[in-house]
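In what follows, a single structure is set out as structure tokens and then discussed.
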Amino acid sequence: MLGLAANELLVLLMLVMFIGFLFTGVPVAWSLAGTSLLVAILTLQLNSRFEVETLFFDDWRDYRIIVQRIYATMENAVLVALPMFVFMGLMLDQSGLAEKLMRSFSETLGRVGGGLAMAVVLIGILLAASTGIVGASVVLLATISLPIMLEAGYDKRLAAGVVAASGTLGILIPPSIMLIIMADQLSLSVGELFMGAVVPGLLLGLAYLIYVVIAVALRPSLAPKPKNVLPFSWRLILDTFLAVLPPLALILAVLGSIFFGIATPTEASGIGAFGATLLAFLNRRLSLEVLWTVAVRTTLTTAFIFGIFIGATAFALVMRGLGGDQLIERALEAIPFGATGVVLTVLFFAFLAGFFLDWLEITLIFLPLVGPVIVALGFDPIWFVIVFAVALQTSFITPPVGFSLFYLKGAAPPEITTGDVYRGIVPFVIIQLAVVLSIVFLPALVTWLPTMVYG
Amino acid sequence: DEVRWAVPISFASTLTALGDTLPWVAERLAEVSDGKIQFEVVEPGAMIPALAVFESAATGQIEAGYSWMGYERGQVPASALFGATPFGLEPHGYVAWMYQGGGNELLRETFEPFGVYPILCGTIPPEAAGWFTFPIENVDQLAGLKFRAAGIGGEIMKELGMSVTVLPGGELYQALETGVLDATEFSLPTVDEQLGFFQVAKFYHMPGWHQPSTSQFLYVNADVWSGLSPQTQSVIETTCMAGTLYAMARGEALQGPVLSSFEEKGVTAQQLPEGVLQAFRDATEVVMDRESAADPQFAKVYTAMKEFQASMQPWHELGYLPRDWTWDDESSQ
Amino acid sequence: MSRLIEDDHDSIVDEAAPNPLISRALDGVVSFISLFAHATWIILIGIILTNVVMRYFLGGSIVALEELQWHLYAFGFMVGLSYTLVHDQHVRVDVLAEHWNKRRRAKIEIFAMLVLVIPFAGVILFDSFDFIEFSLRLNERSRSPGGLPYRWILKSVIPLAMGLLILAALARTARMISLLRISR
Ligand code: NA
Ligand code: NA
């Protein structure tokens, strides 16, 4: 059948089944987890009753590995930062300071049109440089900015798109967990990867800003200016400045504790959470009730993210056991083009895989397969990893399985539908692809900074 | 027998001399057995978590896996000694003990209760003492020194008042760069070079007192092992023996040139002062006594190992040229 | 906590929907244990700050406290899985589903609980026993210097979380069934 072996047909069945569940509205976590279990049972039945060849997945014990994989997530000291940054975001929201920040941005930047959306990109870049936890950034940005943008009459799609895209910057702009894991996979220096990611990361942010400016200039109704714009005054500038100070102080505390060697990025998340609580206290918004509410919501947000982690790990395990990665490898070997052709094809596959898989699985399964092949062709490994990372970053925002989209949907007010999110993200996906291409053809965008710093 | 196993490893195969031994063994096994024995090497985390290799083989979730034995210290205390013993045996002494001095028998005995048949399958030369952001000149600098170390070496450093932390591997580079850490240990010069620690810490101290040799093992589930034909067993054990030699040769061959290249990168590579080593040695005795008191099997293995080390000593002193002897050595003329 | 409840938009059942006793009882169990998960985050902040102060300002560090960080985090998110189900906050793609009627969505929800969630949680729950038994038998402790003992306690969070997840899924199933009954 189509030249595919039984195990490969099962891989395809997994994808179809998962997408089926997903679109009937079953939560993402259970679609992934349930599909893995149902396909595992089917596979083992086919294997034992009909002696169907199922590669490495031929015994129930192969499924039980999930227990250890769940435990490995529990043991992952770096991920402690995730709930802490979520806590920081929710507390910032409760403190009223983030709202104030967004409001004063709207009063000053608002006269440009699209000012709020630009504020989201700018805050997104700042968060990216301090956290790198995509779930937390998207949730934070969504909580503080979506209600304000909707109230200002912004187009729902633009609002959703800009939040999801800006919140995803953190996976690329260092510190970045994704780059750390990639460095580990290919035995490269974390520092060089970090330096290599800075220019492409900022370039993406800049491209988002330019897009907002152009889109709003062409269709002002996308982002109406506030109705009663206050007349310009120095007072206004001062107010904005004062409003920016506390959150900026917080971001500086997080970044500063990292850069001055007081804390690791993981610990900085705890400092950020504490700092936000302190700010809420100084702003006279902190009460036991607020503290508890933030804690409860931290549980809800953290758990929905980890629900997806657990589902994804179960799904990837079965998929790998059935030879899903070999299917990809075989496809790669069939590419006839030259060296650049191979790179572009690899990136295209990473982009395609990103529609269904999450970056972690792609990094763990796909990168070790293709990395050595590309390096053997004579390409700079640092450059390739960064291009690959930017291509993978796109996977966060491509439907149907885009983690940023899920996080956004989870944190957005109910009037923003999944359809709004899916349509709103399209321009940002296109921008992202444009940036990938520009790095492919202008490698200096990546290699310049690491060479400057490390020689 | 037809053997086709997915064998997870706990270091990425891209790590030179540390992670690339089992892939080499897998290739050889397929050739030697004319394709009957196939190991599909699985990168860390791709199937089972990097640190769960032993446990997965013990509980039968995998037929076999490949790991550094120091990782099992929390479950089987004596395993730490087979993985790397502070001030213990160097590679050739270690294989002498394993293959001729009763080490292998003690190893089998240690793991028998857990349903695992371990096979030595890779020994590498000493790992470095660590990357430091400032040079270590005397013992007084150790107190409060912020050092990342895992395993039994860390216990010894704690004993000397060092501030030992266990930051996750992925955070080390940045922690050194920003000063969260003063120093970290990792692995061989070749591996350390790949990971770029020289970019953020300019003092590279040796010797690897905490790991004079480092050994990795193929853990085979005991039931699976006893189900193999003697011929298959022999092919696997013999190829692992070759793998051990391969790792020793590769590890030894590559370090010199890398070490020389560090100089151009502004790295000062030097040995720890005598006094500091002596302090580590004294602390080692305290820690080893404590660990021995806590676990009888640990005591048994450690005693046997030390006795063997002592029995080798006369030969070592007399049979070899002095370690600092070189062709051009003035003093030896 | 008004803000919290307000944000809690359940896509299928609204406030007026029936909530049978059995659902309320099971939800109650989950919510009670989840109180500890919520508290976890506040304690975690305190522990992280302590670790930073210890290392940076006092020049010492306690590996056990460093490990306690991820012990707490693991407990919080694992137990949170069921609490999040109770409040229907697990993210879904409702691009099609939002146009469907409640009966159909309730049926899909029952399917998801009975065929996807409960079997998966059950399998993990059941399979985790050997995993914990192994840890207990070896008296597993941290491999790090000065790390925490008794790894089986942390590992036992897996069956606890999966058990709670099953309770929460049963509660939701009962709720969906009674919704189907009255809207017939
Ligand atoms: Na980041
Ligand atoms: Na995607």
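The values are calculated or read from the model by the stated rules, or taken from the named source; none is laboratory data. Just so you know, these numbers come straight off a predicted model, no measurement behind them. Here the Cβ positions follow ideal geometry from the backbone for every residue, glycine too, while neighbour counts run over all protein chains shown. Accessible surface areas use protein heavy atoms only, side chains included; no ligands, DNA or RNA. Shrake-Rupley method; radii C 1.70, N 1.55, O 1.52, S 1.80 Å.
Tabulated results
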| read-out | value |
| --- | --- |
| Charge tally in the Cβ shell below 15 Å around B:D34, where Lys, Arg are +1 and Asp, Glu are -1, B:D34 excluded | -1 |
| Label-point gap, in nm, between A:L282 and C:F126 - each point 7 angstrom along Cα→Cβ | 5.6 |
| Translational diffusion of the protein assembly as shown, µm² s⁻¹ [Kirkwood Rh, Cα pairs; Stokes-Einstein; 25 °C; 0.890 mPa s] | 83 |
| Under-5 Å amide H pairs with B:V3, H placed in peptide plane, nonlocal only | B:I37, B:Q38 |
| Nearest-10 value in Å² for the accessible area of A:I148, using the 1.4 Å probe | 10 |
| 30 Å Cα-Cα threshold exceeded, pairs from B:K265/B:K306; B:K146/B:K265; A:K409/C:K107; B:K202/B:K306; A:K409/C:K102; A:K100/B:K146 | B:K265/B:K306; B:K202/B:K306; A:K100/B:K146 |
| Cβ-based net charge around B:D20, under 14 Å, with every Lys or Arg adding one and every Asp or Glu removing one | 0 |
| Percentage of interatomic Cα-Cα distances in segment C:1-183 larger than 27 Å | 41 |
| Around B:A52: net Lys/Arg minus Asp/Glu count, Cβ-Cβ under 11 Å | -2 |
| Virtual spin-label span in nm between B:K300 and A:S438, 7 Å along Cα→Cβ | 6.8 |
| Calculated from backbone phi, Karplus (6.51, -1.76, 1.60) coupling profile of segment B:256-271 in Hz, x at Gly/Pro | x, x, 5, 4, 4, 5, 4, 4, 5, 8, x, 9, 9, 9, 7, 7 |
| Relative contact order %, segment A:77-305, counting alpha carbon pairs below 8 Å whose residues are six or more apart | 35 |
| With DNA, RNA and ligands ignored, accessible area of B:H210 (1.4 Å probe; Å², nearest 10) | 10 |
| Paired Rg and Dmax values of chain B, which use every Cα atom, in angstrom | 20.0, 61 |
| Size of electric dipole in chain B: Cβ of Lys, Arg +1 and of Asp, Glu -1, about Cα centre, debye, nearest 20 | 400 |
| Point-charge dipole on Cβ atoms (K/R +1, D/E -1) for segment C:1-183, about Cα centre, debye to 20 | 300 |
| Length-normalised contact order of chain C in % [C-alpha pairs under 8 Å, at least 6 apart] | 35 |
| Under Karplus coefficients 6.51, -1.76 and 1.60, residue-wise ³J(HN,Hα) of segment A:380-391 in Hz, glycine/proline x | 5, x, 4, 4, 4, 4, 5, 4, 4, 4, 5, 5 |
| Efficiency of FRET from Cβ geometry, B:A310 and B:D289, R₀ 25 Å, rounded to 0.05 | 0.90 |
| Residue-level accessible surface for A:F396, protein heavy atoms, 1.4 Å, Å² | 10 |
| Mean residue ellipticity (222 nm) of chain B, computed from DSSP H runs ≥ 4 via -39,500 (n - 2.57), nearest 500 | -14000 deg cm²/dmol |
| Long-range HN-HN contacts of B:Y117 with modeled amide H, under 5 Å | B:V220, B:N221, B:A222 |
| Helical contribution to [θ] at 222 nm, DSSP H n ≥ 4, -39,500 (n - 2.57), averaged over chain C, rounded to 500 | -22500 deg cm²/dmol |
| From phi via Karplus (6.51, -1.76, 1.60), per-residue ³J(HN,Hα) for segment A:399-413 in Hz, x at Gly/Pro | x, x, 9, x, 4, 4, 5, 5, 4, 4, 4, x, 9, 7, x |
